[in-house]
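Rule-based calculations on the coordinates, nothing more; no lab input. The model shown is predicted, which means the values in this text are computed figures rather than measured ones. Virtual Cβ from ideal backbone geometry, glycine too; neighbours counted across all protein chains shown.
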């Protein structure tokens, strides 16, 4: 299937967020087919409006040893441990993408301290990315990510420092592992975040009863795939109900079909990220998502994404 045009008939799929133009609301999530510039180019050429890089740090990181992925019926558990070659080395992948594609690229960053996060943000800015996504919610790398994303005061300070260092739009990726996601969202907003990404994976585990051992070397891994969707939807709707149009929300978690994407948009997301589903269905999934969404909007009387966003019935705000 050919990649869709930005406007399909009278339906406008384009989105403007944080001063960046996206030709449709479908982004590639961090950690899926973003190891190389070539794979990101392929995703963009098949219809994704933008890509998010793998999570990057100032220094190279090996991650966890195998086995680090478990595939289950309704989900995938991964404990990769944030492996990456370091920002300087990854720069050649960003360069390749930039040379071949004129679509936004967003860099996901992490560190072991707020200062490292800020340094990483400044470093990826120099690579020429369009925005920074703060990974403040990785559940499977001790001391990296999640510890910075569960306290609203820490979130506020982290976003503030990254925003100052980056000089470009900053998104904050929220964890579902909290009893009060609204306070975390508010902390990110107060720190100056230009958008929220809801949500990251959720700590889970699997056991091999024959060996009586955990299936993952790291014991715990992050759950993604269809099983995460109800949680992601709830988080997006809670945030949108409280903050409304005050800050853009990017929904992520378990999106496999255009119907899944519509659910997130109705719940209050302005855009969505696709991750695990791409590893199963390939890059052509993005064209299918755009086509299905455009047909739904036309049949339902919506002409713009902004009109569809948050139009869930039966819920008061």
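Taking 0.890 mPa s as the viscosity and 25 °C as the temperature, the Stokes-Einstein diffusion coefficient of region 94-224 based on its alpha-carbon Kirkwood radius rounds to 158 µm²/s.
For the chain, what does the helix formula give at 222 nm: sum of -39500 (n - 2.57) over DSSP H segments with n ≥ 4, over the residue count, nearest 500 deg cm²/dmol? It lands at -11000 deg cm²/dmol. Could you tell me how far the Cα centroid of region 42-105 sits from the Cα centroid of region 184-202, in Å? Value for the Cα centre distance between the two parts: 21 Å. For Kirkwood radius over Cα pairs in Å, the value calculated from this model appears in (1) 19.3; (2) 22.5; (3) 24.5 under label (1). Working from Cα pairs under 8 Å separated by at least six residues, relative contact order for region 7-308 is 20 percent.
Highest average first, the peptides 45-52, 243-250 ordered by how many other beta carbon atoms sit within 10 Å of their residues are 45-52, 243-250. Counting beta carbons within 10 Å around each of 220, 240 and listing the fewest first gives the order 220, 240.
Going from the fewest other Cβ atoms within 10 Å to the most, the residues 30, 303 appear in the order 303, 30.
Fully extending the segment from residue 21 to residue 220, taken as 0.36 nm per residue of separation minus the present Cα-Cα distance, adds 67.9 nm. Between residue 99 and residue 209, the modelled label-to-label distance comes to 5.4 nm, taking each label 7 Å out from Cα in the direction of the beta carbon. Hey, for a label at residue 304 modelled as a point 7 Å past Cα toward Cβ, could you say which residues of region 261-292 have their backbone N under 19 Å away? Within reach of a label on residue 304: 265-272.
Of the residues 69, 181, the one with the fewest other Cβ atoms within 10 Å heads the list, and the complete ranking is 69, 181. Model label points for residue 241 and residue 14, set 7 angstrom from Cα along the Cα-to-Cβ axis, are 3.5 nm apart.
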